[in-house]
Structures are given as structure tokens and as C-alpha cells.
Amino acid sequence: MEFKKMSWVLACVGFMFLGLCKANGNTHYYDFVLTELNFTRLCETKTILTVNGTLPGPTITVRKGDTAFVNVHNQGSYGVTLHWHGVKQPRNPWYDGPENVTQCPIQAGSNFTYEVIFSTEEGTLWWHAHSDWTRATVYGAIIILPTLNTTYPFTKPDGEETLVLGSWYKGDVNEIIKNALATGGDPNVSDAFTINGEPGDLVNACSNETTYRWVVDYGKTYLLRLVNAVLNEEMFFGIANHNLTVVAQDGAYIKPITTSYLMITPGQTMDILVVANQSPSHYHVASHAFVDGDVAFNNRTTSAILQYNGSTTPSTIPTPILPDFADGTAASNFTTQVRALASKDHPITVPLHITHTLFISVSINERICPNSSCDGPDNNALAASLNNISFVTPSIDILQAYYGSINGVYSANFPHKPYIFNFTGHVRNDTIYPYFGTKAPKTYNLVDPPEVNTIGVPKNGWATVRFKADNPGVWFMHCHLERHASWGMATVLIVTNGHTTNTSMLPAPAYMPPCK
């Protein structure tokens, strides 16, 4: 396969590691029934796949160290897997969920029970489908409460609320990406963003009556759990006339950040303290895209309403002032503030002794089409890569192939370094091999870096991640902008077993969905 570098990159990379400790808390049981139902949004009705008939799907609530068993009954028309985003699943890759990476799909008319082992996570995470673009409608929150007899590292809030940002397409999402891959062009952008499944009253009149409302009492403090389940855009978020104090990200506590807005990437979660201290009225909760590349995107603003108990609707509902769509400085000003709490009760351990180094170039590419017959740039097909390797999903899941020593499913020669070019400059065909210089080890934060499962990598930018490979298994590392993942911006990290039972993968389950 031949590729050509292109001049724009925006990636959110998600992966999970760390924390080898078997859960020893309580056990919870959930039944998730996947069904296809009619939903009306933007004045039009379409059929979508849902869990238990709701959008978002049900919330899983556990305490730190608990285990949940989720029996998924697939009554839809095609195979699906579920993924427990940010849950480390110590020694338990069998139930991680990425399709054809750790398992094959749960076929229509069948069921499969996931064992979800929680360990060190505390705060908010989420679950979602991990098959094609099905996560556009199959997703929900995970709330991980502190263990009994412990509490939050801040004053206990008077109440809680969960808001999930999502994408809404008028068309069939899987047909949209299927057509884009067939023609080589960019897939259609979403027609709206949503908050808890609703586009909001800033989109069109059809959404006015169904706008999601969050009712609060004056003077009380609330813990807002925010999830970004949007498919292809990073998002700015704010509440009119109210400050946000961000206290956790991706299921780990951070040093509090008080701000009028935040930027959250697809896959990320944040825990936010909101004080209802404004004049009792109605206020817009709003979110729109942040896009730092020259690409098509949804420029609509989704909204919900923060409604003080007993208040009447004003003639005009205030709307938060969010940064401009392309305001990279505003995005950076927020993200650079994120630091781990790193307290006595919530310590972190930063790996200082590095034994292996991966230098990965994240790129959007072109795939050469015969006779220049595709709809992408230069009549080629859009593609994506890590170190110039575009990931191709196999027909047999990689975990099964690795565990069962099945040859020919994957190769283990992922390059540790990329082709050399100007990683932080404008990439042109005549500047593929200039000098380069991007890493800044003297400025690395080795004291309180945040522990996250998803990071945003800005256009012409970089990020450095350290992790300890102490969780044996097969783990999918990929962009969480779905079009990038569909184009091949992914790879798989295999962590081999240690020398003892307690440092090795748990045995394979008696039943896994069969590969067809």
C-alpha cells in the first residue's frame, strides 16, 4: 500500500494500561438489550440501535474495586461488541471489547456476558459500542464511586448530574462510513450534536420542547459528570454565567481547575463542580466543536437548560460565550492546566526508568487508487496511519490469535520510529525528509502529570506518554475520532505474561462469540 503525507493532522488516541490489582469489592449485574427503535430528531424519524430503548443507554454505577457482569442480548440486525472505555480490566483483556481485536462480534440473536473488573479507577468513565460507527447511538456513562468509608477529595456535593455529548446523523451512520470507505472520500459530517440525546433549542424549532433540562436548587453545589461521546470532533463546553471547577478527568482526580469553559476530546470524561449561585432563572448549557484542521465539521451548537427550581422562563435564555471553532490557543490554555491531584490519598507513580521507547508519527494519508478513481484528494482515497502503517482489521480477533498461537492474523513488526519529516511544520511533497526537532524532555512534568486514557494530539503538535506495561493482554491503541480510526489510525499493543500466575492473563473464558 502506498501513502502520501498530507498537511493536516488531528488525533485523539485512546488506550488503557496500568494497575495490576484484582478487584475485591461487590458484584453488580446488568442486562443490556440491543434493539432497533424509531427516534425523531431534527423533525425527522429514523431507526437507531439502542440499549434498553434509551439514548444515552443505561448508566452503570459501581464503587472502586467492584466487578460488574453485563449480559448483552443482541436483538439488532448485525453483530456488535461493547467496550468499557478507561476500565483497566487487570489481566482481563477477554472482555475489553474492540471488534476483531479482543473478540468477534456478538451476532444478532445471540448474547454474551462481559466481566468488567474495576481496580484503581474512581470518578466517571463510559461504555460504548466498538463496531464500525455503532457507538453513535450505543453508549452510556459509568459512575465509579469511592470505596465505602472514603469520600471525594473535595467537599461532598449536594447532588449529581450526568451529561453525555453525542453526535446525531440523519442518515444511517454505518452506511455513511461504508460509502466513504468505498469511494475514498471524507464521510458526511453529523447533522447535530446532542446533550443526553437531544440537539437542544439552539438548533431548530423541532428541538425546543425536547431540550434536556437540568433542575438545580439555588445555593447548592453539584457534581457534573461530563462524557464526550461525539464521533469526530473535540468540543468546547460551558454554562452561561457559571464557573466550572474541573476536579477529575478520565476516572482520576486532578488539581482543581476553575474556568468559564473547557475543551474535551472524544472519549474523555470530566468531573466538574458547579455552584448554583446565580439569579434563579434558566441558563443554557452549550457545546460546539473545536477543530484545528482544514476539514469539514459540524458547526452547530448543542444545548441543554440549567433550570433553577421554581424559576420561570425568561424572555431570553443566556448562552455561554465559547471560544471560536478554531481557537487553538483557548484549547491549549485549558489542557495545559491539567495536573494530577497527586495527594497522599490519591498518589501517582510516574515511571522514571524507561526501558523501551516508541516514537510514533500520527498522520492522515492518501491511498493510491487505480486510474485515480476515488473521491479523496488527488482522486485518491483518504487513509490514516501510525508510523506510515495503516491498520487493517483482521477477520479473526487478535487476542484469540495471540493466545492460541494462530499464525497469519497479525504481524509483530510495528516500526519503533517513523519516516523522518518536519513533524511540527507544514508537510509538502517536497519536504518529506527535512530536519526535525520536537521532543522536549527537559520540560516533561514528572511530578504530577495526569493519568488519562485519552489524549488530544493537536495539528502539528505532539504528546509524550509514559506507562508501565504491567497489564498482560492485547490492547487496542487508536484514534478516537472515528473517521481516523476507520482509515487505519490504530495499532495493537501486546503485553506478554509475566513469570507468575498473578502477572499473567486470566484464563480464556469458556465461551467467546465465534468468528465468522
Can you confirm whether S315 is open to solvent by less than 70 Å² (accessible area, probe 1.4 Å) and over 26 Å from G185 (Cβ atoms)? no
Across the range 369-424, what is the number of residues that are under 30 Å from K439 (Cα atoms) and either in contact with a helix residue (DSSP H, G or I) (Cβ under 9 Å, 6 or more places away or on another chain) or aromatic (F, W, Y) (or both)? 11
Restricting attention to the range 488-516, and to residues there that are part of a loop (DSSP other than H, G, I, E, B), closer than 28 Å to N71 by Cβ and among the hydrophobic types (A, V, I, L, M, F, W, C), which single residue is most open to solvent (accessible area, probe 1.4 Å)? A510
Quick check on my filter: what residues within the range 54-92 are outside any strand (DSSP E or B), within 25 Å of T147 (Cβ to Cβ) and not aliphatic (A, V, I, L, M)? P58, T59, K64, G65, D66, G86, K88, Q89, P90, R91, N92
Whether any residue in the range 257-273 is at pLDDT 95 or above, farther than 12 Å from L226 by Cα and touching a Pro at 6+ places or on another chain (Cβ under 8 Å) is what I want to check. yes
I need a count of the residues in the range 466-491 that are under 21 Å from P394 (Cβ atoms) and among the basic types (K, R). 1
Here the residues within the range 303-312 that are part of a loop (DSSP other than H, G, I, E, B) and surrounded by 18 or more Cβ atoms within 10 Å (Cβ to Cβ) are none
When you go through A331, A296 one by one, which is the residue that is among the aliphatic types (A, V, I, L, M), in contact (Cβ under 8 Å) with a residue 40 or more places away in the chain, open to solvent by less than 10 Å² (accessible area, probe 1.4 Å) and over 26 Å from P153 (Cβ atoms)? A331
From the option list S363, S395, single residue qualifying as in contact (Cβ under 8 Å) with a residue 60 or more places away in the chain and in a strand (DSSP E or B) is S363
Selection from the range 137-158 of residues that are open to solvent by less than 10 Å² (accessible area, probe 1.4 Å) and in contact with a Leu (Cβ under 6 Å, 6 or more places away or on another chain): V138, I142
Looking only at the range 221-229, decide whether some residue is surrounded by fewer than 21 Cβ atoms within 10 Å (Cβ to Cβ), touching a residue at least 24 places away in the same chain (Cβ under 8 Å), closer than 25 Å to F334 by Cα and aromatic (F, W, Y). yes
Hey, could you check the range 402-451 for residues that are modelled with pLDDT of 90 or more and outside any loop (DSSP other than H, G, I, E, B) and say which is farthest from F391 (Cα to Cα)? Y403
Across the range 172-187, what is the total count of residues that are within 29 Å of A141 (Cβ to Cβ) and surrounded by fewer than 18 Cβ atoms within 10 Å (Cβ to Cβ)? 4
Kindly list, by first and then second residue, each pair from a residue in the range 180-208 that is modelled with pLDDT under 95 to a residue that is part of a strand (DSSP E or B), limited to pairs with Cβ atoms under 6 Å and residues at least 6 apart or on different chains. V203/A192
Select from the range 93-118 the residues that are open to solvent by 10 Å² or more (accessible area, probe 1.4 Å) and assigned to a loop (DSSP other than H, G, I, E, B) and list them in ascending order. N100, P105, Q107, A108, G109, S110
Looking only at residues that are touching a strand residue (DSSP E or B) at 6+ places or on another chain (Cβ under 6 Å) and in a loop (DSSP other than H, G, I, E, B) in the range 261-277, which one is most open to solvent (accessible area, probe 1.4 Å)? Y261
What pairs come up if the first residue lies in the range 449-475 and is at positive phi, the second is β-branched (V, I, T) and not in a loop (DSSP other than H, G, I, E, B), and their beta carbons are under 7 Å apart, counting only those six or more places apart or on different chains? G473/V495
Give the range 457-470 a look and list any residue that's touching a strand residue (DSSP E or B) at 6+ places or on another chain (Cβ under 6 Å), open to solvent by less than 60 Å² (accessible area, probe 1.4 Å) and either modelled with pLDDT of 95 or more or not small (G, A, S) (or both), or say none. V457
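The values are calculated or read from the model by the stated rules, or taken from the named source; none is laboratory data. Remember, predicted model here, so these are calculated numbers, not experimental data. Note that we place each Cβ from the backbone using ideal geometry, even for glycine, and neighbour counts take in every protein chain shown. Areas reflect the complete protein model, heavy atoms only, side chains present, ligands, DNA and RNA absent. Shrake-Rupley method; radii C 1.70, N 1.55, O 1.52, S 1.80 Å.
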